[in-house]
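Here is the structure we will look at.
The values are calculated or read from the model by the stated rules, or taken from the named source; none is laboratory data. Note that the coordinates shown come from a computational prediction; the quantities given were computed from them, not determined experimentally. A quick note on method: Cβ atoms are made from the backbone with ideal geometry, for glycine too, and the neighbour counts reach across all protein chains shown.
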Amino acid sequence: MYVKKKHYFCNMKKIIPYLSVVTAMLIWAGAGIAVKEALVVFSPLTLIVLRFTLAVLLMLCIGLVFRKNEVVGLQKVDRKDLPLFLLGGLFQPFLYFIFETYTYQSFASPTIAEALLSTQPVMAPLFALVLLRERVTRNNIIGIVLSTVGMLILLLVGADDFALGSSWGVLLAVLTVSMSVSYSVVLRKIPAKYSPLSIVFYVQSFALLLFYLVWGGEALCSGGVELCSSGVELCSGGVEWWRSCAAVVYLAVLASVAAFVLFCYTVREIGVTRANVFNNVRPVFTAILMWLIFDEVLPVWKLVGIVVIIVGLFVSQRRS
């Protein structure tokens, strides 16, 4: 009986990282919809500052209340580990969000921008191999190729806005993906003694300081801070206002805290290469959410792409 219980808990420990990363990807898939809702009222930079301010305050409260808990308690950072936390905040969310914004602006086609930004699993093995000496197996490579092909089918087949006309946009997309993968590498290098919540809290706190500097710089240059989108009155109290506020709460609590903590935990458990493959499942969740919420049609090629992505994920996680 004892052996059976021990075997059960061992299996659960192996499954939890995968449940965590799938949940994180589902949350981030919904974040795109939430950002569109929030931008109806708030300007882009204001949205980012609000989002991460609320996220950092929430993590601070949780960490102080449960400070003795090994999972969600906040721990003091050793001085020798401080550069890793600073690098993490610089890579993502700070530089990642900046490069991502300009990537979307560089392309007339949002589809091709999304496709280029979804190439993290392709770059992750290279970064993991060079910087971490992390073993990359044949199954990892086959699974990455399969899931990437499925992602391209999902995003590009049948798209009427496909146009790759900006070399500057391609460079920005590569920089964006590099920041995301570099962030994963930093997570892997941070010592195991820190809880996932502590890591995300300190990383995002540093990034928030940088965002405040940019926000303040914009205010000085333009003569004021643009809080709201054009044509929307501040605190108008209408339906649009409350929907945008709800979207900000979603982005802060779920997308910036829960999803980042879950992804951090997964990277530290299964590695950079295997965790980043799951980025290919985000377009799957986005397509499903658009179908459920907005009744968007799911054509046959999208279903084919979804199946290929899922098969690739399973193959990439096999150790032999």
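Only residues that are modelled with pLDDT of 90 or more and not hydrophobic (A, V, I, L, M, F, W, C) were counted in the stretch 152-180, giving 3. Answer with yes or no whether Phe66 is aromatic (Phe, Trp, Tyr) and under 21 Å from the mean Cα position of the chain (by Cα). When the stated conditions are applied, Phe66 does not pass them.
Note on the stretch 196-218: among residues that are buried (at least 16 other Cβ atoms within 10 Å of the Cβ) and hydroxyl-bearing (Ser, Thr, Tyr), the one that is farthest from Gly63 (Cα to Cα) is Ser205.
When the stretch 113-128 is filtered for residues that are in a helix (DSSP H, G or I) and polar (S, T, N, Q), only Gln120 remains. Scanning the stretch 290-320 for residues that are charged (D, E, K, R) and either touching a helix residue (DSSP H, G or I) at 6+ places or on another chain (Cβ under 9 Å) or in a helix (DSSP H, G or I) (or both) gives Glu296, Lys302, Arg318, Arg319.
All of (1) over 30 Å from Leu126 (Cβ atoms); (2) modelled with pLDDT of 95 or more; (3) in contact with a Leu (Cβ under 9 Å, 6 or more places away or on another chain) hold for Cys228 with one exception: (2). Which of the residues belonging to the stretch 116-137 are buried (at least 18 other Cβ atoms within 10 Å of the Cβ) and either at positive phi or in contact with a Pro (Cβ under 9 Å, 6 or more places away or on another chain) (or both)? Of everything in the stretch 116-137, those that are buried (at least 18 other Cβ atoms within 10 Å of the Cβ) and either at positive phi or in contact with a Pro (Cβ under 9 Å, 6 or more places away or on another chain) (or both) turn out to be Ser118, Glu134.
All conditions but one from (1) at pLDDT below 90; (2) closer than 13 Å to Asn276 by Cβ; (3) aromatic (Phe, Trp, Tyr) apply to Tyr183; the one that does not is (1).
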